[in-house]
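Colleague: Below is a structure I'd like to ask you about.
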Amino acid sequence: MSFAPSDSPRRTAVLISGRGSNMAALVRAAEQDDFPAEIALVLSNRADAAGLDFAREHGIPTLVLSHKDYADRLAFDAALDAHLKAEGIEIVCLAGFMRLLTPWLVERWRNRMINVHPSLLPSFKGLHTHERALEAGVRVHGCTVHFVRAEMDEGPIILQAVVPIEPGDTPDVLADRVLEQEHVIYPKGLELLAAGRLSVADERVAIEGAKGGLAPLVVPAV
Ligand code: GAR
């Protein structure tokens, strides 16, 4: 599968439930010249999501779709899908969208829906990733941008960023260090997808033109 290159920026929706700092990072990236995606819609399942204000200030159409107004998950997802289609959306970015999507919706957006997660997947799926990383005593932690699949926090990995765990880290300190990297790799992942540089085969992602390689990282430096 490959998302074909296009002359006009890919119409992208960002789905949020709260603060929306990753959405803001995507918006800022898409405001740059020659970025291959435009943020055409910010959708929240909560009317009080703080991120909605940022989107409005940046002139981006917003939509609140409360799951409480729908009988079940499938009805909510069908409405969500209808809105995305009506807006001509081509790519969906989940950005702190704290709601499980049905396999039906995920399949409809296969390889066109991406997510950012605050851990080095497949470690620490789910919630409270920073607390759990500290409890596990791992030396490195980080974040992942991946294609969305029906299972929570599953799916072909596009990009990851590694951050060290430092002595004395608290979950909040670690969360800030990881979030800074989320704001780097999420826009990069969207850029790669929208530019048609990603392909998925056997649930592995290939990146056209990737340079490869990384300086060896040993934490702590000794
Ligand atoms: C981010 O850290 C994101 O990785 C996480 O929620 C936070 C949302 O912050 N998402 C998940 O845990 C999804 N499994 P934001 O609203 O400021 O982008």
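Rule-based calculations on the coordinates, nothing more; no lab input. The model shown is predicted, which means the values in this text are computed figures rather than measured ones. Backbone-built Cβ (ideal geometry, glycine too); neighbour counts: all protein chains shown.
Colleague: Using the structure shown, decide if Val162 is more than 14 Å from the ligand (Cβ to nearest atom) and of a type in the set (Val, Ile, Thr).
Modeller: yes
Colleague: Inspect all residues belonging to region 114-130 and state whether any of them is among the β-branched types (Val, Ile, Thr), touching a residue at least 12 places away in the same chain (Cβ under 8 Å) and surrounded by fewer than 24 Cβ atoms within 10 Å (Cβ to Cβ).
Modeller: So far as region 114-130 goes, no, none of its residues is among the β-branched types (Val, Ile, Thr), touching a residue at least 12 places away in the same chain (Cβ under 8 Å) and surrounded by fewer than 24 Cβ atoms within 10 Å (Cβ to Cβ).
Colleague: Okay, moving on. Quick one: is Val219 more than 13 Å from Ile114 (Cβ to Cβ), touching a Cys at 6+ places or on another chain (Cβ under 9 Å) and of a type in the set (Val, Ile, Thr)?
Modeller: No: the conditions fail for Val219.
Colleague: Hey, does region 121-140 have a residue that's within 12 Å of the ligand (Cβ to nearest atom), of a type in the set (A, V, I, L, M, F, W, C) and out of contact with any helix residue (DSSP H, G or I) (no Cβ under 6 Å at 6 or more places or on another chain)?
Modeller: yes
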